[in-house]
Amino acid sequence: MDKNVLFTEYFADWIKTYKHGAVRQVTYRKYVTTLKRLTQIVPTLTVKAMDRRAYQSILNTYAETHERLTTMDFHHHLRAAVLDAVDDGLLKHDPTRRAVVKGISRERETVKYLSLKQLTDLLNTLNLDGEVSWDHFVYLLAKTGLRFAEALGLTPTDINPDKCTLTVSKTWDYKSPIPKFGLTKNESSKRTISLDKQTFSVIWRDAQATSDGQPIFVQPGCRVFNDTVNHYLRRLCTAAGVPMIAIHGLRHTHASILLYSGVSVASVARRLGHANMITTQKTYLHIIKELEAQDNEKIMHCLEHLT
């Protein structure tokens, strides 16, 4: 490829060559989104003109309207392509070296998870009577720790009335222009989860009101957006008088309550569908350290009473 080619053209060819068919569709769409934003920021920048100042300017412009973590993802997408341009001999030096990633601050910070008391107050505001609703959806996520797309992908056949369990074998690709069933995040995400009687009663009633093969929480022909459910959950949090929490925070809340209750890291990892315990340990390191401190006190207390 010529050095005078537009960087946007190079990036478009790069994601088609190296990412199409190699990553999940939802991930590929993120690269396409990066390309669209890049085209808006530097529509005329050539590969040859890409230097450290130009690259930093791209990041700075993007960071003006995005949080730092989002800007970091944008940077990772671009950097991978730029490094290949260096390997291809189109660039002599790495213009991404020592790049500074900035970003705007959140206007309203949400907590990562709720305490047991706060979760109880939240669940008490839910209306679990009547037809399938977002109240039922919030309740299910809080009691199972399912990911958003996993819960959307549940169908009546995933609910086992004999064993009071639900099986995660697919997701609902709600981000696709034409929403459809999708793959789980990884093989470990395919799992069967035990339900308490009250949770089973709610989901089983919803399942019976849904046609086989149809997602329980997605109406035929309707789109579901993460932001819509997050806004609904914020209203519930306000009504319950508890800190604001995002939908994914229900998963963190579920895991933290189990860990604080003494459930092993291995069991929590299996219930969440983590690929391994290392993922669970990294995600909930602060809780695990706190529990280890409590364990040390128990150990010392036990040893002191040995004769």
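The values are calculated or read from the model by the stated rules, or taken from the named source; none is laboratory data. This structure is a prediction, so every number in the text was calculated from the model and none was measured. Heads up, the Cβs are rebuilt from the backbone with ideal geometry, glycines too, and the neighbour counts pull from every protein chain shown.
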H301 is checked against (1) in a helix (DSSP H, G or I); (2) closer than 23 Å to Y113 by Cα and fails just one. What number does that condition carry? (2)
Within region 67-86, is there a residue that is assigned to a loop (DSSP other than H, G, I, E, B) and either surrounded by fewer than 14 Cβ atoms within 10 Å (Cβ to Cβ) or touching a Phe, Trp or Tyr at 6+ places or on another chain (Cβ under 9 Å) (or both)? no
Going by what's in this entry, would H301 be described as closer than 23 Å to E150 by Cβ and out of contact with any Pro (no Cβ under 9 Å at 6 or more places or on another chain)? no
Looking at (1) free of Cβ contacts under 8 Å to residues at least 12 places away in the same chain; (2) of a type in the set (V, I, T); (3) touching a Gly at 6+ places or on another chain (Cβ under 7 Å), which is the one condition that is false for V86? (3)
It is to be established whether one or more residues within region 101-108 are in contact with a strand residue (DSSP E or B) (Cβ under 7 Å, 6 or more places away or on another chain) and closer than 17 Å to T238 by Cβ. no
Could you check region 24-52 and list, in sequence order, the residues that are more than 21 Å from the chain's Cα centre (by Cα), part of a helix (DSSP H, G or I) and in contact (Cβ under 8 Å) with a residue 40 or more places away in the chain? L38, R52
Report, ordered by the first and then the second residue, all pairs with beta carbons closer than 7 Å, sequence separation of six or more or different chains, a first member in region 89-101 that is under 16 Å from Y10 (Cβ atoms), and a second member that is of a type in the set (S, T, Y). P95/Y55; T96/Y55
Any idea which residue in region 113-143 is farthest from I287 (Cα to Cα), counting only those that are surrounded by 15 or more Cβ atoms within 10 Å (Cβ to Cβ) and charged (D, E, K, R)? D135
Residues located in region 147-188, provided they are part of a helix (DSSP H, G or I) and either at pLDDT 95 or above or of a type in the set (D, E, K, R) (or both): F148, A149, E150, A151, L152, P156, T157, D158, E187
Return the only residue of G262, G273, G249, G241 being closer than 21 Å to K112 by Cα and in contact with a strand residue (DSSP E or B) (Cβ under 6 Å, 6 or more places away or on another chain). G273
